[in-house]
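Here's the structure, in structure tokens; my notes come after.
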Amino acid sequence: MLLRPISTFSRLMALLLALTLVGYLGYLIRAQYLAQRELQGQSSTRIVRGVEKRADAVSYFLQERMNDVKDITASRDLAVYFENRALGMSMEYGLSASLDALKESLSSYDVKKRLGDKPLFSHILILGPAGETLVEYPAQKSLSRLKQTWRKQVTGKRKDTQIIQDGQQLLLTAPVIFKGTYSGHVVAWIDPALIFHHFVHENHHDKWRTDALLMNGVYLYVTDEKEGGLPSRMLPNLSSIKQGVSVSFSIQPEQSEPVSMIGSLVPVPGSALSLGIFFVDPISAAHSSPRTFLLAAGALGAFILIGGALSLRAATRSTLLQTRLHEQAIREQEVGERNRLLGEEVATRICAEEEIRTLNTKLEQRVEERTAELRSVNEQLKEEIEERKQAEEDILREREKLKTLSDNAPFGMALVDKEGRFTYINARFTKLFGYDLSDIPDGRAW
């Protein structure tokens, strides 16, 4: 029996079916490629957004610490010191006790204000109007071990609060204004390691992933190399990275191929600080790169059956990716709700702090009124003392006049008390009778 040759129509249908299958497989592969690209892009975005949230936490922490420094400048003990100083008290009488009260207040503050088991401020300094040191806490920590470049920025010309970088140190400064006049500064040191470990660093197991705390283009603190961070020689040049823009760069580990990295700097609102994040590019690090699917499209065209199996696998992975994206969206909604609750709590605390400041202001006004009353009483006492001194001087002058008249009288004069004793004789008496006061102790003997 002879076989009938395949017709041209059948061949065209078979070719069309093959092209349709290849096109369908190509569509599935492209969809898989785009899904992986989207997932990996969202992974990078999620990391950067996490850094942005930590930057907001750092901003809130610094704002709280600035409020703490302002509270020190407005403290009752500091106001009493400057009031006593204005009254002209010396260190022996009043000022020394005021400084001791200030030190005790800072010591109590150090015990109450802590983050974990560490104090919020590693060092606090209160300066006078000429930059002289009034109080240093803790006292055993000598300033000679700290850099002094910050003093150029802490002057009476700066009437606002500042965050200053001094080498690897972070300083918060606020002016002391007493009765409308600049009277000094409060300077507080914060250890960058404290901020880094509590707000910036995130525990993970990704090799080369590095968190960084920066200010004015200087690394203050970065993830340690022992924890998987980049060595210092591999850290990127900050001048090549703009705030809020993700950039790509490469590193060359020893005895290994180059690694493609992504870096981004996120500004900390309300300060010159920035948070840096450097991590391996998820696209280049993926074990099954999306580009592999595009290169496999030609091979799958020749192997239709294998392509069908791969298309099923690709569809399954795409569904899994979509599920993960949905789970990630739910987690982001939960984080957003937590941030909203945190914002409400922050607003409540700000209102409470504002009420406390209002009460402190009223208390200071009462103290100033009482001080004015005391000054008025002191002025009255001074006037009474001056009047009594003037009266005593007038009496002395009258006595001198009376003595002069008695001594120069043309007749003899003598004063005898009620006991009969002579208490005074003038020169005329001695000349008339020849006796002086030692010759006539009393009237009877004479």
ask   = List, please: which pairs have Cβ atoms under 7 Å, are six or more places apart or on different chains, and start with a residue in region 203-232 that is in contact (Cβ under 8 Å) with a residue 24 or more places away in the chain and end with one that is assigned to a loop (DSSP other than H, G, I, E, B) and polar (S, T, N, Q)?
value = Thr210/Thr223; Asp211/Thr223; Leu220/Gln168
task = Looking for whichever is touching a residue at least 12 places away in the same chain (Cβ under 8 Å), within 26 Å of Arg65 (Cβ to Cβ) and in a helix (DSSP H, G or I) here; the options are Val346, Val367. Which one fits?
result = Val346
query = How many residues are touching a residue at least 12 places away in the same chain (Cβ under 8 Å), outside any loop (DSSP other than H, G, I, E, B) and not hydrophobic (A, V, I, L, M, F, W, C) if we restrict to region 236-253?
reply = 3
key: Any hit, region 211-222, residues being surrounded by fewer than 17 Cβ atoms within 10 Å (Cβ to Cβ), part of a strand (DSSP E or B) and touching a strand residue (DSSP E or B) at 6+ places or on another chain (Cβ under 9 Å)   = yes
task = Look through region 385-409, keep the residues that are assigned to a helix (DSSP H, G or I) and of a type in the set (S, T, N, Q), and return whichever of them is nearest to Phe429 (Cα to Cα).
result = Ser406
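Residues are listed down the side, and each one gets a yes or a no for (1) outside any helix (DSSP H, G or I); (2) of a type in the set (Phe, Trp, Tyr); (3) touching an Asp or Glu at 6+ places or on another chain (Cβ under 9 Å); (4) at pLDDT 85 or above:
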residue	(1), (2), (3), (4)
Ser271	yes, no, no, yes
Gly276	yes, no, yes, yes
Ser288	yes, no, no, no
Thr292	no, no, no, no
Gly298	no, no, no, no
Leu305	no, no, no, no
Leu312	no, no, no, no
Ser318	no, no, no, no
inquiry  = For region 83-119, give me each residue that is surrounded by fewer than 12 Cβ atoms within 10 Å (Cβ to Cβ), of a type in the set (A, V, I, L, M) and either modelled with pLDDT of 85 or more or under 24 Å from the mean Cα position of the chain (by Cα) (or both).
reply    = Val111
query = Does region 410-419 contain any residue that is without any contact (Cβ under 8 Å) to a residue 40 or more places away in the chain, assigned to a helix (DSSP H, G or I) and either of a type in the set (A, V, I, L, M) or in contact with a Phe, Trp or Tyr (Cβ under 7 Å, 6 or more places away or on another chain) (or both)?
reply = no
request  = State yes or no: is Trp150 under 25 Å from Leu273 (Cα atoms), modelled with pLDDT of 85 or more and among the aromatic types (Phe, Trp, Tyr)?
outcome  = no
message = When you check Phe422 against the structure, is it assigned to a helix (DSSP H, G or I), among the aromatic types (Phe, Trp, Tyr), surrounded by 10 or more Cβ atoms within 10 Å (Cβ to Cβ) and at pLDDT 80 or above, yes or no?
response = no
Region 254-272, residues that are more than 25 Å from Leu62 (Cα to Cα) and touching a residue at least 40 places away in the same chain (Cβ under 8 Å) = Val259, Met261, Ile262
task = State which residue is farthest from Ala193 (Cα to Cα) when the search covers only region 88-120 and only residues that are assigned to a loop (DSSP other than H, G, I, E, B) and touching a Leu at 6+ places or on another chain (Cβ under 8 Å).
result = Met89
query = So, of the residues in region 21-43 that are in contact with a Pro (Cβ under 7 Å, 6 or more places away or on another chain) and surrounded by fewer than 18 Cβ atoms within 10 Å (Cβ to Cβ), which turns out to be modelled with the highest pLDDT?
reply = Ser43
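The values are calculated or read from the model by the stated rules, or taken from the named source; none is laboratory data. Predicted model, so just to flag it, every value in this text is computed and none were measured. In this analysis, Cβ positions are derived from the backbone assuming ideal geometry, glycine residues included, and neighbour counts consider all displayed protein chains.
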